[in-house]
Amino acid sequence: MKLVIYKLLALLAFASALGLGIITLHFTLSHAEVLITAREQGKTRQTEIILPITFANDENAETDEIKKLREKVLKDGDENAETGGYGAVAHTIPISIEAIIIPEGTGAELEDYATGAVTIISELPFAQSLVPKTRLLTPDGILFRTTNRVTVPSRGTVEVTVKADQKGKNGDITPTTFTIPGLSLERQKLVYGKSSEQFTGGARIVKIIASTDLERGNSEALAKLAEKAIQDFNERGIVITRNRIFLRDATFESDGKIGEEKEQFAVIASAQAYGVNFDEETVKDMTKTSFEADLPDGKDVLGYNDESFSYTIQEINPETNEVKIATEIEGFTTLDATKKIIDLKELAGLSANEIQTKLLTNEAIDAVEVRFSPFWVTRAPRIPEKIAITIKNAEEKF
């Protein structure tokens with residue numbers, strides 16, 4: 001009996017040792033590998049670049065001295081400036097323009113005299129003269145008069161401008177034929193008129209100027225100022241593009257008032273125009289540096305869409321000799337493979353589906369593949385050190 005008990009105890013001890021060995025082997029061999037494919041993400045970065053600026057006098061065309069100054073500024077910059085050691089040079093001229101604005105608000109309809117062009121046709125064997133204010137009559141009985149003297153050549157034609165005898169929309173006729181009542185009945189059959197286009201002017205709308213019309217007028221005048229600045233700079237031999245123009249101290253004067261009825265009004269605008277030259281590649285590099293500095297931890301730059309780079313002159317300060325340039329560029333980011341994206345403790349003990357679900361909540365992750373080993377393992381080890389994460393970035397396209 002004792003022998004049987006000893007055998008059972010020995011068997012239990014062996015089973016316990018075997019089970020403990022299997023458990024130890026399981027935890028020793030158990031391993032999880034998580035393969036993450038990062039998603040490429042586009043991001044637009046807007047920033048402000050400040051450069052030291054040197055001002056050139058532009059009373060005349062660009063002189064050799066100014067050219068040398070501009071080249072020196074663009075090449076060397078100001079080594080003591082806090083803007084990265086780069087500079088710009090500005091040319092400045094006063095400009096003024098006049099813009100004619102058509103109100104877009106509601107208004108009153110006013111009657112006027114319609115006008116149009118008529119071709120006088122003669123089948124006579126000799127020339128036929130028509131005095132000013134010769135009457136021309138449509139089949140509907142609408143009367144027009146010529147505005148000047150014409151002579152119709154023998155068996156030929158001549159074009160004449162005619163004006164309605166009465167104000168109103170009735171004069172806005174479609175193409176038609178005309179008789180000339182001042183001629184004899186027989187001659188009216190041989191000398192007559194035809195029109196080929198609609199007559200206009202019988203009624204016109206006089207709009208009421210609204211505040212939005214004045215605002216639009218100032219905006220259109222500002223655009224014309226920039227165009228005039230580019231033209232004037234080019235005439236001085238200084239090539240400047242629109243995004244290098246800055247208009248300072250712009251003023252606007254209008255001969256139209258809110259509530260006034262007018263077909264059109266004028267806006268007189270003036271400003272001091274600055275044309276700024278600087279090294280575009282330098283400003284682009286500074287924008288990229290700002291882009292990278294703004295990235296959150298765990299992100300890396302794949303590349304840039306250089307064609308998206310744009311800039312405008314935002315401000316020029318003659319007192320501090322600085323120019324502020326607003327820039328924008330599109331960059332593409334992905335996960336930084338060297339950075340930790342999740343605490344491994346959060347993945348311990350999870351199934352493959354649970355790991356994928358958890359990681360895919362990160363918008364920077366495109367796909368997740370989970371591999372367990374040995375083959376019988378169905379969950380991640382409880383020990384975080386047994387979980388390995390590998391990040392594969394999106395394919396580089398730049």
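Take the residue pairs K288/K392; K43/K228; K163/K257; K133/K169; K288/K386 and return only those whose Cα atoms are more than 29 Å apart.
Checking Cα-Cα distances, K43/K228; K163/K257; K288/K386 exceed 29 Å.
Only sites in a loop by DSSP and with at most 12 other Cβ atoms within 10 Å count here; which trypsin sites (Lys or Arg not before Pro) in the range 195-289 make the cut?
Here the trypsin sites (Lys or Arg not before Pro) that fit, given the DSSP loop and packing criteria, are K257.
Quick one: if you stick a label point 7 Å off each Cα along the C-beta vector at E369 and A117, how many nm between them?
7.5 nm
Taking R0 as 56 Å, what's the FRET efficiency between F126 and Q272 from their Cβ-Cβ distance, rounded to 0.05?
The calculated FRET efficiency here is 0.25.
Would you mind computing, in nm to one decimal, how far apart the modelled labels at S219 and D297 are, each placed 7 Å from Cα along Cα→Cβ?
In this crude spin-label approximation the distance works out to 4.5 nm.
At 7 Å along the Cα-to-beta-carbon direction for both T177 and S308, put a label point, then send me their distance in nm to one decimal.
Distance between the two pseudo-spin positions: 6.7 nm.
Taking K and R as +1 and D and E as -1, what net charge do the other residues with C-beta under 13 Å from the C-beta of A226 add up to?
So the surrounding residues net to +2.
To the nearest 0.05, how large is the calculated FRET efficiency for D285 and E319 if R₀ is 41 Å and r is the Cβ-Cβ distance?
0.90
Which one of A229, T282, I208 is farthest out on the positive end of the charge dipole of the range 193-289, using unit charges on Cβ (Lys, Arg +1; Asp, Glu -1) and the Cα centre as origin?
I208
Using R₀ = 35 Å, calculate the FRET efficiency as 1/(1 + (r/R₀)^6) where r is the Cβ-Cβ separation of E104 and R39; round to 0.05.
Between E104 and R39 the formula returns 0.15.
No lab work stands behind these numbers, since they all come straight from the coordinates. What you see is a predicted model, and the numbers here were worked out from it, not measured in a lab. Heads up, the Cβs are rebuilt from the backbone with ideal geometry, glycines too, and the neighbour counts pull from every protein chain shown.
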